[in-house]
Protein chains: 2
Amino acid sequence: MGKDDGQIGVVAALVRSTFLVNAVYAQSGQEHGLTSQQGQLLCVLMPQPYGMSELSAMLGLAKSSLTGLVDRTERNGLVRREPDPHDSRAVRVALTRQGSKLAEEFYVETCRRIEQLPAGLSAAERDTLATLLGRVVLDNKVPVIFMELDDGASARKH
Amino acid sequence: MGKDDGQIGVVAALVRSTFLVNAVYAQSGQEHGLTSQQGQLLCVLMPQPYGMSELSAMLGLAKSSLTGLVDRTERNGLVRREPDPHDSRAVRVALTRQGSKLAEEFYVETCRRIEQLPAGLSAAERDTLATLLGRVVLDNKVPVIFMELDDGASARKH
DNA sequence: CTAATACAGTTCGTGGAGCGAACTAACCCC
DNA sequence: GGGGTTAGTTCGCTCCACGAACTGTATTAG
């Protein structure tokens with residue numbers, strides 16, 4: 001494992017950057033009155049509504065966990081359960097007007113802060129970082145979740 | 001933000017790698033019968049015992065949160081509260097024999113898995129990644145916590 | 001040397017989060 | 001139309017995190 005110069009190891013770098021991003025997420029959420037889970041839920045819903053099962057797969061949660069999360073978020077007026085027109089068992093969780101607004105703000109602000117993290121790197125270095133880290137996440141097929149909003153996300157369908 | 005080619009953005013890369021590492025942490029912990037918080041506590045204690053206040057600063061938790069975490073971990077037989085010889089208000093939280101063993105196993109296994117994540121990169125690329133990410137965490141002075149075991153620790157063997 | 005203050009930890013009450021097991025209701029389809 | 005699947009919820013539990021209030025020791029001021 002290459003790190004004989006004073007440099008930090010890749011494991012430590014990953015672990016600590018994780019810490020960093022977690023903290024940003026939590027704090028940004030907090031400032032918007034959101035837990036990071038609720039913030040995540042809002043972000044996932046930004047492009048379109050989803051069913052509970054879809055959400056639970058996307059977020060990596062048990063369905064019973066999701067019920068609670070949606071309950072709490074709904075209680076805060078940020079999402080709404082709508083009946084699915086094609087399946088009366090199912091439910092579509094959608095952002096309310098307020099939720100939509102808050103999601104946008106939270107998303108923008110959180111991105112801004114995360115983008116700030118590598119501010120000490122040159123544009124080229126940030127690009128390299130994005131490429132390498134991007135390959136890591138692709139190689140490990142991250143559940144495809146989370147802030148998928150980079151764009152290509154919309155094409156995802158059940 | 002440079003991402004006009006098909007490449008993922010640096011924000012998305014960071015966010016998703018965070019997801020990845022979180023998952024590794026949680027799963028590795030789970031397989032050792034640990035929550036990630038308890039796993040983290042054990043790791044922090046590997047080099048030496050600490051007082052509650054020190055721990056709460058290192059882990060970024062309120063003191064009252066730490067009491068509970070240590071309680072639960074102690075109940076599992078992994079740590080022990082010892083009186084501080086120099087301050088009878090204070091307490092030193094130390095690993096038990098069992099906790100020490102488990103911490104080592106958890107630590108090694110978790111590192112192994114995290115090290116696995118960038119397996120698709122060449123050695124040189126991993127090194128670059130470590131350098132760039134290392135600068136990011138240094139620039140943002142990560143609370144200096146977490147798996148602190150890397151500092152001198154690369155070749156560390158207690 | 002006492003009195004005020006600061007500090008170390010705990011307790012208590014609250015709420016979010018996550019899980020599995022058991023359940024209801026709708027769907028599918030043969 | 002009956003059996004198996006699927007969508008979601010409910011229930012009971014544990015963990016986690018917080019702030020406020022508290023106990024008791026240390027420290028420092030006067």
- In this structure, does residue A:21 turn out to be surrounded by 14 or more Cβ atoms within 10 Å (Cβ to Cβ), touching a Leu at 6+ places or on another chain (Cβ under 7 Å), without any contact (Cβ under 8 Å) to a residue 60 or more places away in the chain and closer than 27 Å to residue A:129 by Cβ? no
- Message: For the stretch A:57-89, give me each residue that is small (Gly, Ala, Ser), surrounded by 14 or more Cβ atoms within 10 Å (Cβ to Cβ) and not in a helix (DSSP H, G or I).
- Response: A:60
- Answer yes if at least one residue in the stretch B:121-133 is over 13 Å from residue B:39 (Cβ atoms), part of a loop (DSSP other than H, G, I, E, B), modelled with pLDDT of 90 or more and more than 15 Å from the chain's Cα centre (by Cα), and no otherwise. yes
- Those residues of the stretch B:37-75 that are within 7 Å of DNA strand C (Cβ to nearest atom), without any contact (Cβ under 8 Å) to a residue 24 or more places away in the chain and either aliphatic (A, V, I, L, M) or touching a Cys at 6+ places or on another chain (Cβ under 9 Å) (or both) come to a total of 1
- Out of curiosity, is residue B:29 within 14 Å of chain A (Cβ to nearest Cβ) and either within 11 Å of DNA strand D (Cβ to nearest atom) or among the polar types (S, T, N, Q) (or both)? yes
- Message: Could you go through the stretch A:57-75 and let me know if any residue there is away from DNA strand D (no atom under 12 Å from the Cβ) and within 14 Å of chain B (Cβ to nearest Cβ).
- Response: yes
- Single unsatisfied condition, residue B:101 versus (1) part of a helix (DSSP H, G or I); (2) touching a residue at least 12 places away in the same chain (Cβ under 8 Å); (3) away from DNA strand D (no atom under 14 Å from the Cβ); (4) among the basic types (Lys, Arg): (2)
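The values are calculated or read from the model by the stated rules, or taken from the named source; none is laboratory data. Treat the numbers as computed from the prediction; the structure is a model and nothing was measured. Neighbour counts run over all protein chains shown; Cβ positions are idealised from the backbone, glycine included.
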